[in-house]
């Protein structure tokens with residue numbers, strides 16, 4: 001149920017740090033997904049039922065990523081051994097070709113599917 005003055009923006013991305021101006025004429029926020037690092041966006045006139053414009057990207061904070069191949073992340077569902085449905089994230093390499101065979105690494109964690117739209121910067125494992 002939508003509350004009064006609540007804005008619902010449905011996109012397959014993670015949206016964080018939403019900051020409205022005092023009159024709610026614009027919203028400033030960061031948006032990211034697996035292939036795009038967090039950047040700052042602005043959404044003007046968000047009070048109307050139909051958005052007058054799409055969010056505008058204000059920053060490009062990770063330009064060096066453009067020189068690397070980057071994969072994709074997809075929600076994957078399967079039936080577990082106990083018969084219950086389970087969800088996880090399937091990471092595929094860039095230029096994935098379904099006719100080829102690839103090595104597969106499986107990592108099980110209780111709630112990993114909640115990070116589907118999070119950017120994961122390359123880093124050594126702690």
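The values are calculated or read from the model by the stated rules, or taken from the named source; none is laboratory data. Values in this document were obtained by computation on a predicted structure and should not be read as measured data. Positions of Cβ are backbone-derived with ideal geometry, glycine not excepted, and every protein chain shown enters the neighbour counts.
What the table below lists for this structure:
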| quantity | calculated |
| --- | --- |
| Neighbours by Cβ (under 7 Å, 6+ apart or cross-chain): first from segment 71-84, closer than 30 Å to residue 37 by Cα; second assigned to a loop (DSSP other than H, G, I, E, B) | 71/93; 71/94; 72/34; 72/35; 73/34; 73/116; 75/116 |
| Looking only at segment 56-70, and only at residues there that are modelled with pLDDT of 90 or more and in a loop (DSSP other than H, G, I, E, B), the one that is nearest to residue 121 (Cα to Cα) | 62 |
| Filtered residue count, segment 72-92, keeping only those that are outside any strand (DSSP E or B) and at pLDDT 90 or above | 4 |
| Count - residues of segment 20-55 that are at pLDDT 85 or above and exposed (fewer than 10 other Cβ atoms within 10 Å of the Cβ) | 1 |
| Residue tally, condition under 15 Å from residue 31 (Cα atoms) and at pLDDT below 85, over segment 102-126 | 4 |
| Within segment 70-98, tally of residues that are loosely packed, with under 12 Cβ neighbours inside 10 Å and either touching a helix residue (DSSP H, G or I) at 6+ places or on another chain (Cβ under 7 Å) or assigned by TED's automatic domain parsing to the domain that holds residue 26 (or both) | 0 |
| Hits in segment 110-126 - residues which are surrounded by 10 or more Cβ atoms within 10 Å (Cβ to Cβ) and part of a loop (DSSP other than H, G, I, E, B) | 116, 117, 118, 119, 120 |
